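Taking it in order: structure first as structure tokens, then the write-up.
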Amino acid sequence: MSGVRASSRDERRGVIGIDLGATKTAAGLVSAEGTVMAFGSWPTRAGDGPGGLLAQLAAVVDDMVAEARALALEVVGVGLATPGIVDAASGVIRYATPALPGWTGLRLSASLAASVALPVVVHNDGQATAQGEWVVGAAAGCTDALVVTVGTGVGGGIIAGGRLLLGHEGSAGRIGHLSVDADGRWCWCGARGCVEQYVSGTAIARDAQTVLAGGVETTLRQLARPVVAADVVAAARAGDGVARSLLVTAGSYLGAALTSLVNVLSPEVVVIAGGLAEAGTLLIEPAEAVLRERLPAVLSSGLAIRLSTLGSRAAVAGAALLAWEQLAG
Ligand SMILES: [Zn+2]
């Protein structure tokens, strides 16, 4: 287990953890042990550009500082999780997803620190989720873990040999861009067959719309607006066969990606996190079936597959825990 061993002086101190998502931003006050003591979420105004987003993040920090004051806690810094490739040492966004226009090249850590007068530590959101699940979530106590986030996109993080793997350019864990079909669907990253094009919320919604356009009989047709992945999950749960089969297909692609990852990394646990983890067994069972069928028994027998226990708080806790580590170092 990593993280900072809390000293008595840490008892009245907290780090603000922020999970900046393309549609939603969540934040909390986090203790040195990873306990989330206050929590809130707000819609992300990604369309406002980097200046507007920085102002929004500064306002979130102000809100959390006020929460800390009410709890008589001293705030020692900010841990921020963001999509994209992050240089954690300098806090610079090396490459951002199209969902956050203008984010690439931003000196995020320095810019936010200047406006909130607190040290700011930035990590990739999948990596932060992995850190949170590893220290205080579904992978607690493990030395080698793979955490996959399935939401609007697909991401994740790798715990290897008892530490979070960042990689040479800070990009380790870009699981969404693992190819499951060499000649498959084009991805926005420039590659083909990326698993994100089959199992993300975006992909599931798009596949549902394709099925509807084909005239198939399904309760999804009763919606008065374009179908989203949550609709597919709800319909599947209510017994809609078409919705169930969409999730089986998506889950099977996830299973193919997990098979490759487990072969490469040999984790003791795979944790499925992110918004679509709420689909639970509807998505995980087909993924696990493919994984168990394709893995050698010697690897499969010792492998646990679990759902996130931290839910939407995983990246908040993880970003704050990584900041605790860096600020105490
Ligand atoms: Zn890709």
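Only one residue of ALA81, ALA55, GLY132 has its Cα farthest out toward the positive end of the dipole of the chain, where Lys and Arg carry +1 and Asp and Glu -1 on Cβ, and that residue is ALA55.
In debye, nearest 20: dipole of the chain around its Cα centre with unit charges on the Cβ of K, R (+) and D, E (-)? Let's see the in-between values first.
Working: 22 positive and 27 negative charges, 40 e Å.
Result for the chain is approximately 200 debye, rounded to the nearest 20.
Placing +1 on the Cβ of every Lys and Arg and -1 on the Cβ of every Asp and Glu, with nothing else charged, gives segment 268-308 a dipole about its Cα centre of roughly 80 debye. Note on VAL264 and TYR95: with the Förster distance fixed at 22 Å, the Cβ-Cβ geometry gives a FRET efficiency of about 0.45. Just the Cα atoms of segment 269-315, one point each, no solvent: what log10 I(q)/I(0) does Debye give at q = 0.30, 0.33 Å⁻¹? One equal scatterer on each Cα of segment 269-315 leads to -1.10, -1.21. In a reduced charge model with +1 at each Lys and Arg Cβ and -1 at each Asp and Glu Cβ, segment 172-212 shows a dipole moment near 100 debye about its Cα centre. Globularity index of segment 235-329 is 1.28 (Cα radius of gyration / 2.2 N^0.38 Å, N = number of residues).
How high is the relative contact order of segment 204-269? Use alpha-carbon pairs under 8 Å, at least six apart in sequence, and give a whole percent. It rounds to 29 percent for segment 204-269.
Among complete DSSP H helices in the chain, those whose alpha-carbon atoms stretch at least 15 Å along the helix's long axis and whose mean Kyte-Doolittle hydropathy reaches 1.0 are 241-265, 314-328. Within segment 166-323, all pairs of alpha-carbon atoms sorted by distance into 10 Å bins from zero give the percentages 10, 35, 36, 16, 3, 0. When the P(r) is computed for segment 148-238, the part past 18 Å accounts for 55% of the Cα-Cα pairs.
Couplings 3J(HN,Hα) for segment 144-149, derived from phi with the Karplus relation 6.51 cos²θ - 1.76 cosθ + 1.60 (θ = phi - 60°), are 10, 9, 10, 10, 10, 9 Hz, where x marks Gly and Pro. Rg and Dmax of the chain, both derived from C-alpha coordinates alone, stand at 19.7, 64 Å.
Each reported figure results from applying straightforward, stated rules to the coordinates on display, with no laboratory input. Note that this is a predicted model, so its numbers are computed, not measured. Note that each Cβ is placed from the backbone with ideal geometry, even for glycine, and that neighbours are counted across all protein chains shown.
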